[in-house]
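Peer 1: Just passing along the structure, written as structure tokens.
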Ligand SMILES: Nc1nc2c(c(=O)[nH]1)N[C@H]1C(S)=C(S)[C@@H](COP(=O)(O)OP(=O)(O)OC[C@H]3O[C@@H](n4cnc5c(=O)[nH]c(N)nc54)[C@H](O)[C@@H]3O)O[C@H]1N2
Ligand SMILES: Nc1nc2c(c(=O)[nH]1)N[C@H]1C(S)=C(S)[C@@H](COP(=O)(O)OP(=O)(O)OC[C@H]3O[C@@H](n4cnc5c(=O)[nH]c(N)nc54)[C@H](O)[C@@H]3O)O[C@H]1N2
Ligand SMILES: [Mo]
């Protein structure tokens with residue numbers, strides 16, 4: 001549209017041909033299957049497509065790089081467990097298209113930066129190492145050895161190992177993650193920020209301190225034996241489509257589903273299971289029984305209100321609602337918490353939540369005689385200032401009901417990236433546990449650094465301040481995924497060297513340090529052959545199952561290296577070929593890495609044997625068994641006042657969410673099919689009532705701006721979309737709106753960017 005002013009190159013506009021229709025009232029079904037087949041075949045061709053799809057999520061096949069939702073333990077459909085968006089993730093990686101030196105000699109980084117993310121992503125796979133010299137406009141090819149020598153010499157020239165930052169995204173396998181953290185710690189730093197810092201860090205913090213383990217407690221089987229499932233701040237129809245099958249089956253078994261979300265997401269309303277022929281032919285499973293359309297960030301108030309009602313009902317009718325045996329035997333802090341709840345003004349809490357008190361009362365009565373409850377949540381809870389305390393309030397509910405540590409009940413933080421949980425288990429953590437460092441010290445005979453490293457937000461600030469000078473990323477798209485795009489771009493540009501180990505081109509290859517390197521790696525769909533032997537890797541899903549993943553396709557280029565080999569070659573360049581750690585031997589045979597993991601990380605006994613069993617093995621999980629590894633050996637109730645982010649008059653609270661056509665910063669297409677928004681991503685979802693009070697028209701173009709700690713941020717040219725969303729709340733897509741997330745607007749304790757509660761004003765442009 002000619003009236004658009006182009007935003008900064010870090011954040012360009014999309015072609016605007018907005019096409020709006022009514023939001024859908026159900027998810028998946030045959031249309032999703034057709035959608036996915038179209039995507040994969042267009043990118044890969046029939047032969048590659050068929051090869052990869054028949055192996056997807058099969059035992060001994062490829063772990064889907066889409067999300068971390070588990071595969072069923074016991075059964076598989078003949079077509080495999082796949083979903084529309086998993087297939088899109090596969091198509092993105094298994095594409096036939098590739099980028100070579102000619103592409104980079106033809107297109108300058110300035111030119112590529114002027115394209116939108118969709119266009120950049122569609123250019124294909126990276127195929128050879130590339131170098132961007134200081135002041136240069138074009139990447140040029142360079143041999144692998146020179147790339148490693150360059151990184152090694154820069155690393156060695158730093159005054160302090162803590163001047164280097166080593167980021168990880170969540171697709172990295174257990175084997176690569178273990179070797180990577182070993183390399184980084186042997187180099188001398190714990191600067192291992194990862195995507196978790198922006199994702200489920202708040203869940204990890206809340207769960208570790210209350211139930212003694214930073215992961216969820218349920219297995220998939222628990223879904224089939226539960227009475228009530230809460231789905232809070234999560235959009236599974238788009239982001240974890242295979243979860244819908246589990247919800248539908250739970251429902252068939254009698255479970256009640258309660259959704260808590262400011263938006264009526266299609267996938268939570270109803271579902272046509274593409275794995276079931278009966279639903280393809282007709283008929284769909286309705287899912288949610290009670291939809292609580294909470295205001296953005298109202299969840300802490302909602303759950304506090306619900307919990308006070310439960311205590312009130314139990315006081316009037318003792319023993320009807322609370323599990324007193326569980327509370328007295330297994331928990332701490334109930335007295336203080338129940339006293340706090342009795343002092344709460346429930347009407348005020350309901351108002352803060354934006355839900356009628358009567359509706360919350362209905363839920364409380366429904367829970368009265370139920371004892372098996374599962375609480376699922378994702379980014380709608382984790383990316384707020386009060387995220388950790390909100391999740392603790394959800395845990396309080398489970399503790400009041402004795403709903404943890406038994407079948408059909410427990411915590412279910414639904415993870416994002418397919419191996420983000422495994423990467424943490426392997427030690428990708430800026431605050432490593434002492435146990436891990438001691439194990440590394442004795443197994444590999446060196447002194448790992450003990451002081452904590454930078455998380456994502458701290459790393460950006462350190463680069464901005466010139467305290468960190470070298471940035472290396474194992475996957476991901478740091479520039480676009482992180483908050484405050486302009487500030488982060490300045491931070492990256494302030495480094496001497498930035499290195500991206502990647503499969504696909506993205507904006508982090510264009511906004512770089514003074515010098516930059518692209519190191520292209522194998523993806524999960526590709527065969528990984530080392531020393532003439534085919535290797536497999538392993539991953540951990542959202543429910544703590546560790547299993548193998550083996551690629552099937554020939555690599556898109558002979559020049560690609562596996563992530564494991566890249567780390568071992570880099571380690572050799574830094575530490576020399578006679579280093580005490582046998583880097584190359586480990587890369588020659590991944591069994592040796594798994595042996596080392598077994599020696600250093602609890603729960604991996606007989607790793608090589610058990611990972612070869614079909615379906616893999618479960619890691620130990622105390623909370624699952626009702627054993628709480630907290631200092632008191634009890635589960636802890638948390639008593640915290642409500643602290644809800646609120647916008648003052650003239651302002652809105654904004655959440656940045658995913659559309660149906662993206663995987664994080666990878667844009668598969670410009671449509672958000674279930675929400676009825678097509679061909680444009682720079683949109684603002686806003687209620688008709690708020691539009692009327694601001695005098696805004698449908699499809700009017702506006703700017704969004706805010707001011708935080710004296711700094712003004714602006715994101716231009718967003719189109720108004722009337723939507724069913726609570727008053728005072730608006731929604732935009734991630735990553736387009738990340739320019740508006742202030743670097744110091746973070747969750748307490750977890751330091752996660754508060755990218756779901758951004759205060760903004762809407763300015764007609
Ligand atoms: N296809 C696809 N799959 C993915 C991803 C992807 O981008 N595409 N990303 C992966 C990753 S890394 C992750 S972390 C997950 C993300 O999975 P989700 O957490 O489902 O992703 P978001 O789009 O961020 O959605 C957040 C949901 O929370 C709601 N919400 C926002 N604010 C609030 C709030 O204050 N309270 C409540 N109750 N709800 C709120 C939004 O309306 C939305 O429905 O998905 C993973 N899977
Ligand atoms: N405003 C806002 N910001 C957010 C969020 C939000 O909801 N709102 N969500 C946050 C969340 S939950 C997350 S997890 C982060 C995601 O942050 P990241 O994980 O950093 O981002 P991705 O977009 O998943 O990274 C995509 C890139 O990874 C590379 N890649 C893909 N597969 C592989 C592989 O197998 N190996 C290697 N080495 N590289 C590979 C490709 O080059 C691709 O371009 O973003 C966060 N940022
Ligand atoms: Mo995530």
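Peer 1: For residue 428, are the conditions met, namely being in a strand (DSSP E or B) and touching a residue at least 12 places away in the same chain (Cβ under 8 Å)? Walk me through it before giving the result.
Peer 2: Working: in a strand (DSSP E or B): no; touching a residue at least 12 places away in the same chain (Cβ under 8 Å): yes.
Spelling it out, it is not the case that residue 428 is in a strand (DSSP E or B) and touching a residue at least 12 places away in the same chain (Cβ under 8 Å).
Peer 1: I would also like to ask the following. Taking strands (runs of 3 or more DSSP E) that do not extend beyond region 611-720, which have at least 3 residues that are away from ligand 1 (no atom under 16 Å from the Cβ) and surrounded by 18 or more Cβ atoms within 10 Å (Cβ to Cβ)? Break it down stepwise before answering.
Peer 2: Values: elements: 652-657, 683-686, 701-708.
Filter on region 611-720 gives 701-708.
Peer 1: Is there any pair with a first residue in region 466-485 that is farther than 17 Å from residue 737 by Cβ and not assigned by TED's automatic domain parsing to the domain that holds residue 760 and a second that is part of a loop (DSSP other than H, G, I, E, B) and within 9 Å of ligand 2 (Cβ to nearest atom) whose Cβ atoms are under 6 Å apart and which are 6 or more apart or on different chains, and what are they?
Peer 2: If the second residue must be part of a loop (DSSP other than H, G, I, E, B) and within 9 Å of ligand 2 (Cβ to nearest atom), the pairs left are 474/172; 475/169; 475/171; 475/172; 476/169.
Peer 1: Now for a separate question. Just checking, how many residues over region 316-332 are surrounded by fewer than 18 Cβ atoms within 10 Å (Cβ to Cβ) and either free of Cβ contacts under 8 Å to residues at least 12 places away in the same chain or in contact with a strand residue (DSSP E or B) (Cβ under 7 Å, 6 or more places away or on another chain) (or both)? Don't jump to the end; show me each part of the working.
Peer 2: The initial filter retains those residues of region 316-332 that are surrounded by fewer than 18 Cβ atoms within 10 Å (Cβ to Cβ), namely 316-320, 324-325, 328-329.
If we keep only those that are either free of Cβ contacts under 8 Å to residues at least 12 places away in the same chain or in contact with a strand residue (DSSP E or B) (Cβ under 7 Å, 6 or more places away or on another chain) (or both) too, we end up with 316-319, 324, 328-329.
Qualifying residue count, region 316-332: 7.
Peer 1: Within region 287-299, can one find any residue that is assigned by TED's automatic domain parsing to the domain that holds residue 412 and within 29 Å of residue 627 (Cα to Cα)?
Peer 2: Of all residues in region 287-299, those assigned by TED's automatic domain parsing to the domain that holds residue 412 come to 287-299.
Next cut, within 29 Å of residue 627 (Cα to Cα) only: 299.
The answer is yes, given that some residue of region 287-299 is assigned by TED's automatic domain parsing to the domain that holds residue 412 and within 29 Å of residue 627 (Cα to Cα).
Peer 1: Got at least one residue in region 428-438 being closer than 30 Å to residue 559 by Cβ and modelled with pLDDT of 95 or more? It would help to see each step written out before you state the result.
Peer 2: So the first thing to find is which residues in region 428-438 are closer than 30 Å to residue 559 by Cβ, and the list is 428.
From what's left, modelled with pLDDT of 95 or more: 428.
Yes; the residues of region 428-438 include at least one that is closer than 30 Å to residue 559 by Cβ and modelled with pLDDT of 95 or more.
Peer 1: Now for a different question. Could you go through region 143-160 and let me know if any residue there is within 25 Å of the chain's Cα centre (by Cα) and within 16 Å of ligand 2 (Cβ to nearest atom).
Peer 2: Initially, region 143-160 is screened for residues within 25 Å of the chain's Cα centre (by Cα), giving none.
Taking every residue of region 143-160 in turn, none turns out to be within 25 Å of the chain's Cα centre (by Cα) and within 16 Å of ligand 2 (Cβ to nearest atom).
Peer 1: With surrounded by fewer than 21 Cβ atoms within 10 Å (Cβ to Cβ), closer than 25 Å to residue 587 by Cα and either more than 16 Å from ligand 3 (Cβ to nearest atom) or touching a residue at least 24 places away in the same chain (Cβ under 8 Å) (or both) as the only criterion, which of 502, 538, 531 stands out? If you could, list the steps in order and put the result at the bottom.
Peer 2: Details: 502 fails: surrounded by fewer than 21 Cβ atoms within 10 Å (Cβ to Cβ); 538 fails: surrounded by fewer than 21 Cβ atoms within 10 Å (Cβ to Cβ).
Result: 531 is the single residue among 502, 538, 531 that is surrounded by fewer than 21 Cβ atoms within 10 Å (Cβ to Cβ), closer than 25 Å to residue 587 by Cα and either more than 16 Å from ligand 3 (Cβ to nearest atom) or touching a residue at least 24 places away in the same chain (Cβ under 8 Å) (or both).
Peer 1: Report whether or not residue 479 is out of contact with any strand residue (DSSP E or B) (no Cβ under 7 Å at 6 or more places or on another chain), farther than 27 Å from residue 754 by Cβ and buried (at least 19 other Cβ atoms within 10 Å of the Cβ). Don't jump to the end; show me each part of the working.
Peer 2: Numbers: out of contact with any strand residue (DSSP E or B) (no Cβ under 7 Å at 6 or more places or on another chain): yes; farther than 27 Å from residue 754 by Cβ: no; buried (at least 19 other Cβ atoms within 10 Å of the Cβ): yes.
In short, no.
Results for (1) assigned to a loop (DSSP other than H, G, I, E, B); (2) farther than 20 Å from residue 199 by Cβ; (3) assigned by TED's automatic domain parsing to the domain that holds residue 144, shown as yes or no for each residue.
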| position | (1), (2), (3) |
| --- | --- |
| 453 | yes, no, yes |
| 459 | no, no, yes |
| 489 | no, yes, yes |
| 520 | no, yes, yes |
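Peer 1: Something else about it: Identify all residues within region 149-162 that are surrounded by fewer than 17 Cβ atoms within 10 Å (Cβ to Cβ) and not in a helix (DSSP H, G or I); write none if there are none.
Peer 2: Going through region 149-162, the residues surrounded by fewer than 17 Cβ atoms within 10 Å (Cβ to Cβ) turn out to be 149, 153, 156-157, 159-160.
The answer is 159, 160.
Peer 1: Within region 505-518, which residues are within 9 Å of ligand 2 (Cβ to nearest atom) and either without any contact (Cβ under 8 Å) to a residue 60 or more places away in the chain or assigned to a helix (DSSP H, G or I) (or both)?
Peer 2: The answer is 507, 508, 509.
Peer 1: On to the next question. Would it be correct to say that residue 422 is within 15 Å of ligand 3 (Cβ to nearest atom) and either closer than 16 Å to residue 544 by Cα or assigned by TED's automatic domain parsing to the domain that holds residue 458 (or both)?
Peer 2: Numbers: within 15 Å of ligand 3 (Cβ to nearest atom): yes; either closer than 16 Å to residue 544 by Cα or assigned by TED's automatic domain parsing to the domain that holds residue 458 (or both): yes.
So residue 422 fits the description; yes.
Peer 1: Here are some conditions: (1) within 16 Å of ligand 2 (Cβ to nearest atom); (2) crowded, with 21+ Cβ neighbours inside 10 Å. Residue 604 meets all but one. Which one does it not meet?
Peer 2: Single failed check for residue 604: (1).
Peer 1: Now, a different point. Name the residues in region 257-279 that are at pLDDT below 95 and part of a loop (DSSP other than H, G, I, E, B), would you?
Peer 2: Of everything in region 257-279, those that are at pLDDT below 95 and part of a loop (DSSP other than H, G, I, E, B) turn out to be 273, 274, 275, 276.
Peer 1: OK, next. Does residue 209 satisfy the criteria of being closer than 26 Å to residue 404 by Cα and either out of contact with any helix residue (DSSP H, G or I) (no Cβ under 9 Å at 6 or more places or on another chain) or within 16 Å of ligand 1 (Cβ to nearest atom) (or both)? Break it down stepwise before answering.
Peer 2: On the way: closer than 26 Å to residue 404 by Cα: yes; either out of contact with any helix residue (DSSP H, G or I) (no Cβ under 9 Å at 6 or more places or on another chain) or within 16 Å of ligand 1 (Cβ to nearest atom) (or both): no.
Criteria not met by residue 209.
Peer 1: Look through 538, 542 and report the one residue that is closer than 23 Å to residue 194 by Cα and not in a loop (DSSP other than H, G, I, E, B). So that I can check it myself, show each step before the final result.
Peer 2: Details: 542 fails: not in a loop (DSSP other than H, G, I, E, B).
Result of the check over 538, 542: 538.
Peer 1: Find the residue count for region 377-419, including only residues that are away from ligand 3 (no atom under 16 Å from the Cβ) and not in a strand (DSSP E or B). Give the steps one after another, and end with the answer.
Peer 2: So the first thing to find is which residues in region 377-419 are away from ligand 3 (no atom under 16 Å from the Cβ), and the list is 385-386, 388-390, 392-411.
Filter again for not in a strand (DSSP E or B), leaving 385-386, 388-390, 392-409.
So the count comes out to 23.
Peer 1: How many of the residues in region 182-225 are farther than 26 Å from residue 160 by Cα and within 14 Å of ligand 3 (Cβ to nearest atom)?
Peer 2: Our first condition is that a residue be farther than 26 Å from residue 160 by Cα; within region 182-225, this holds for 198-225.
Next cut, within 14 Å of ligand 3 (Cβ to nearest atom) only: 198-204.
Adding up the residues that qualify gives 7.
Peer 1: Report, by residue number, each residue of region 125-148 that is over 19 Å from residue 555 (Cβ atoms) and surrounded by 15 or more Cβ atoms within 10 Å (Cβ to Cβ).
Peer 2: Taking region 125-148 and keeping what is over 19 Å from residue 555 (Cβ atoms), we get 131-140, 142, 145-146, 148.
Once the filter is applied, which keeps residues that are over 19 Å from residue 555 (Cβ atoms) and surrounded by 15 or more Cβ atoms within 10 Å (Cβ to Cβ), region 125-148 yields 131, 132, 138, 139, 142, 148.
A quick yes/no check of all residues on (1) surrounded by fewer than 20 Cβ atoms within 10 Å (Cβ to Cβ); (2) within 15 Å of ligand 2 (Cβ to nearest atom); (3) part of a loop (DSSP other than H, G, I, E, B):
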| residue | (1), (2), (3) |
| --- | --- |
| 123 | yes, yes, yes |
| 167 | no, yes, no |
| 170 | no, yes, yes |
| 175 | no, yes, no |
| 180 | no, yes, no |
| 191 | no, no, yes |
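The values are calculated or read from the model by the stated rules, or taken from the named source; none is laboratory data. Predicted model only: the values in this text are computed from it and were never measured. In this analysis, Cβ positions are derived from the backbone assuming ideal geometry, glycine residues included, and neighbour counts consider all displayed protein chains.
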